[in-house]
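Worksheet: the structure to be examined is printed underneath.
The values are calculated or read from the model by the stated rules, or taken from the named source; none is laboratory data. Everything quoted here is computed from the prediction, not taken from an experiment. So basically every Cβ, Gly included, is an ideal-geometry build from the backbone, and we count neighbours across all protein chains shown. Please note that ligands, DNA and RNA were not included when accessible areas were found on the heavy atoms of the full protein model with its side chains. Shrake-Rupley method; radii C 1.70, N 1.55, O 1.52, S 1.80 Å.
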Amino acid sequence: MADLAEKVLLAIADAGSVNSLELSQKWKENHQSVVGAVKSLQSLGNIVTVEQQQAKRLELTDEGLTVLKNGSHEAVVYNAIPEDGLLQSELMSKVPNAKVGFSKAMSSGWIRVDKAAQGGPRVFKKVESVDDTVHHCIEKLSQMKFDEVTEAQKTEFKKRKLIAEVKEISFNLTKGETFTTTISKAVVDLTPEMISSGSWKTATFKPYNFNAMGTPAATGHLHPLLKVREQYRQIFLEMGFTEMPTNNYIESSFWNFDALFQPQQHPARDAHDTFFISEPKTASAFPMDYLERVKEVHTHGGYGSQGYKYDWKLEEAEKNILRTHTTAVSTRMLYKLAQEEEFRPVKYFSIDRVFRNENLDATHLAEFQQIEGVVADRGLTLGDLMGTINAFFKKLGITKLRFKPAYNPYTEPSMEIFSYHEGLKKWVEIGNSGVFRPEMLLPMGLPNDVTVIAWGLSLERPTMIKYGIDNIRDLVGPKVNLKMVYDNPICRLDK
């Protein structure tokens, strides 16, 4: 770069004024290299005066370069036709750019078509030879002989996208106030040796550029899950839902299971399915009147139910676990709603992490994000639940839905939700839903005519469907390719 900068200075000293683009062409140097040398000279002070100049020039496009190499499209079509002609269908399928070339060759009168020929329309040469004017003009333009091509031809070539007009920035250089042909590099650092010897007094220091941008700091990238999560959150808010607080991963078995009318002998409460906490092992400070009603409905029934007829134990309800679903949060919110003086309809949602002791496979992890929607109002039916779910998933861009009857201890009726996964080529379960049972709601103190519908789904599976990922371990966990995280676009659901 220093040698090139000195060449620039010598050129200015010789001619008085030079242009960076002309120098690059004369020296057969890359123009950006010459510009870099000019910028380095500017950093040394007022050695040179630089004036930016903008001009337009014509440049061959990729298609124009093809014409330069092979001839015009019409000439290629003409040359591909043998003396006894060629089926039009064969010509159009075998010759590159045949559609354009055929049209231009026909309008130029170079070829003709016999539509009555045996086997279908057949193309024949109409003249013995052709003059490929387009190719000749493109050659001249490639050699910068712009004056030898008419304006009408240039306009035609632009329409055919053989050439394009590009802006070209260059710099006019003249002598500055402190012009010299010898470059003395400015000192960047003040060293102890310079101070002790006194050489700093005569040294030329490079000035600080206080307007220069610093090195961009390394930044994080949003994971696809977070991108989809934000889209889900916006959809819930658009539908008038209020977000529930979900900041407690550790939950007591009471709120996670018992309050949901899930029996203490249920398999989901085994260590095979649930992660239990060793410290602190138990929870306390439950609302005791509510706890007694929950105990009663489990043990002896009530509210029209016969219950489970077993000996309900407080020590089981006190056990701390990593919550297995965000429905535990919904339970707390519904209990809080029941304590208000007058019932009011509500729509709640939450999106947060839950934990289950699952066997890992392409669609299951031991922890995942659960999305939950809850609606409490008077007179709701299963039809309201299905309609709300369809409206919700339609906003996600997922329209291929199926419902399958299922069993949940705390909902009746219950339905599993399936969506078709284009990558896996099969129906994948993406959620669960149902109408909360009276045995769950009435002990809370909610009015008899209030119905609560709810549905839940994982965040990971819809994200896999949206981004075309067929193995959940490629989305979450130690095997994730960070390049995938960096490069994936912002999620745009087809709402």
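Residues in the stretch 237-273 that are of a type outside the set (D, E, K, R) and either over 22 Å from ASN408 (Cβ atoms) or open to solvent by 70 Å² or more (accessible area, probe 1.4 Å) (or both): 12 in all. For the stretch 86-107, the set of residues classified as over 16 Å from VAL127 (Cβ atoms) and either of a type in the set (S, T, N, Q) or open to solvent by 50 Å² or more (accessible area, probe 1.4 Å) (or both) consists of GLN88, SER89, GLU90, MET92, SER93, LYS94, PRO96, ASN97, LYS99, VAL100, SER103, listed by residue number. Starting from residues that are hydroxyl-bearing (Ser, Thr, Tyr) and in a loop (DSSP other than H, G, I, E, B), keep the ones in the stretch 208-236 and report whichever is most open to solvent (accessible area, probe 1.4 Å). So the residue we want is TYR208. Among the residues of the stretch 306-333, how many are within 22 Å of LEU237 (Cβ to Cβ), out of contact with any Phe, Trp or Tyr (no Cβ under 8 Å at 6 or more places or on another chain) and in a helix (DSSP H, G or I)? Selection size over the stretch 306-333: 1. Looking across the stretch 289-346, the residues that are open to solvent by 20 Å² or more (accessible area, probe 1.4 Å), of a type in the set (Lys, Arg) and on the phi < 0 side of the Ramachandran plot come down to ARG293, LYS295, LYS313, LYS319, ARG332, LYS336, ARG344. So for the stretch 347-362 (the condition being open to solvent by 30 Å² or more (accessible area, probe 1.4 Å) and small (Gly, Ala, Ser)), does at least one residue qualify? Yes, because at least one residue in the stretch 347-362 is open to solvent by 30 Å² or more (accessible area, probe 1.4 Å) and small (Gly, Ala, Ser).
Take the residues of the stretch 53-76 that are in contact with an Asp or Glu (Cβ under 6 Å, 6 or more places away or on another chain) and not aliphatic (A, V, I, L, M): which is surrounded by the most Cβ atoms within 10 Å (Cβ to Cβ)? Looking at the filtered set, the residue picked out is SER72. Which residues, counting only those in the stretch 274-288, are open to solvent by 80 Å² or more (accessible area, probe 1.4 Å), under 45 Å from the mean Cα position of the chain (by Cα) and either at positive phi or among the aromatic types (Phe, Trp, Tyr) (or both)? Matches in the stretch 274-288: PHE276 only.
In this structure, GLU74 does satisfy being among the acidic types (Asp, Glu), over 22 Å from GLU165 (Cβ atoms), at pLDDT 90 or above and assigned to a helix (DSSP H, G or I). Does any residue of the stretch 382-392 turn out to be part of a strand (DSSP E or B) and either open to solvent by less than 30 Å² (accessible area, probe 1.4 Å) or touching a Phe, Trp or Tyr at 6+ places or on another chain (Cβ under 9 Å) (or both)? No, the stretch 382-392 has no match at all. Screening the stretch 451-474 for residues that are of a type in the set (Val, Ile, Thr) and touching a strand residue (DSSP E or B) at 6+ places or on another chain (Cβ under 8 Å) and picking the one that is farthest from ALA366 (Cα to Cα) gives THR451.
Every condition in (1) under 26 Å from PHE349 (Cβ atoms); (2) not basic (Lys, Arg); (3) not in a strand (DSSP E or B) holds for SER284 except the one numbered (1). Just to be sure before I move on: is ALA152 over 30 Å from GLN42 (Cβ atoms), at pLDDT 90 or above, surrounded by 15 or more Cβ atoms within 10 Å (Cβ to Cβ) and among the small types (Gly, Ala, Ser) in the structure I sent? Criteria not met by ALA152.
Every condition in (1) within 12 Å of LYS125 (Cα to Cα); (2) part of a helix (DSSP H, G or I) holds for GLU83 except the one numbered (2).
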